[in-house]
Amino acid sequence: MNPISFKLILHVLVSVTVVFVLSMREPAIALMIERGLSELTTDAELIIEGRVTSIVGEWSNHPKAAIVTKVRIVLLDVIKGDLNIGDEVNVQILGGEIPEQDIGLRVSDQPNFQLNERVIIFLKKQHGDNIFLTVGNFQGKLIVVDENVSYKGQWVDLNHFKKRILNIVSDGMDIK
């Protein structure tokens, strides 16, 4: 075998091996700790029942630009906090879509919102801005349909659920 053929075969084998090894990476795995109702309630500065009135994806002002979604919610009830029924809050989540630029970013632990959706949402203020973040990421946003709220895969009576939250706020205990 001449030296050129040997180098060529060696080069091809090394290249194939590198490609094979790089393609064998483990998939990325993320883990989120489940937050109970007591923890969500305690950590939230504001807990509201509201209706989503607008959803807008945009580039963040942060130096490491990312797509964020600003969700505006009109308050139907204030369960914890100092706002009033009829006020609006702005919730920001990481990820979203900018249709004009045909680009999007999906972040698996962030909540998804639908226009006109009725929600119970646990919020904390972001860096002194007039923008809120959900407590516990997707865990801090619950869907309300009719007079029931979806909590941990089950439909729960909305008024009873609110009483549970109010009980935690007042004396730190969940009445279940």
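The values are calculated or read from the model by the stated rules, or taken from the named source; none is laboratory data. In this text the structure is predicted, and so the values were computed from the model without any measurement. Don't worry about glycine lacking a Cβ; one is built from the backbone with ideal geometry, like all the others, and counts go over all protein chains shown.
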**OP:** Tally the residues that are assigned to a strand (DSSP E or B), surrounded by 15 or more Cβ atoms within 10 Å (Cβ to Cβ) and not acidic (D, E), restricting the search to region 58-102.
**Re:** 21
Original post:
Are any of the residues in region 144-163 buried (at least 21 other Cβ atoms within 10 Å of the Cβ), of a type in the set (V, I, T) and assigned to a loop (DSSP other than H, G, I, E, B)?
Top reply: no
**OP:** Scan region 105-123 and give yes if some residue there is part of a strand (DSSP E or B), within 12 Å of the chain's Cα centre (by Cα) and hydroxyl-bearing (S, T, Y), otherwise no.
**Re:** no
Original post:
Restricting attention to region 98-109, does a residue exist that is within 20 Å of T53 (Cα to Cα) and either of a type in the set (A, V, I, L, M) or touching a residue at least 60 places away in the same chain (Cβ under 8 Å) (or both)?
Top reply: yes
Subject >> Counted residues, region 34-51 - those being among the small types (G, A, S), more than 12 Å from L166 (Cα to Cα) and surrounded by fewer than 17 Cβ atoms within 10 Å (Cβ to Cβ) >> reply: 1
Original post:
Within the set of pairs 6+ apart or on separate chains, which have a first residue in region 131-156 that is charged (D, E, K, R), a second that is surrounded by fewer than 17 Cβ atoms within 10 Å (Cβ to Cβ), and C-beta atoms under 8 Å apart?
Top reply: E147/D157; E147/N159
Original post:
Yes or no: F132 in contact with a Lys or Arg (Cβ under 8 Å, 6 or more places away or on another chain), part of a loop (DSSP other than H, G, I, E, B), surrounded by 12 or more Cβ atoms within 10 Å (Cβ to Cβ) and at negative phi?
Top reply: no
Subject >> Residues of region 38-57 that turn out to be assigned to a helix (DSSP H, G or I) and either touching an Asp or Glu at 6+ places or on another chain (Cβ under 6 Å) or at pLDDT 95 or above (or both), as a count >> reply: 1
**OP:** List the number of the failed condition for N137; all other conditions in (1) out of contact with any Phe, Trp or Tyr (no Cβ under 7 Å at 6 or more places or on another chain); (2) exposed (fewer than 15 other Cβ atoms within 10 Å of the Cβ) hold.
**Re:** (2)
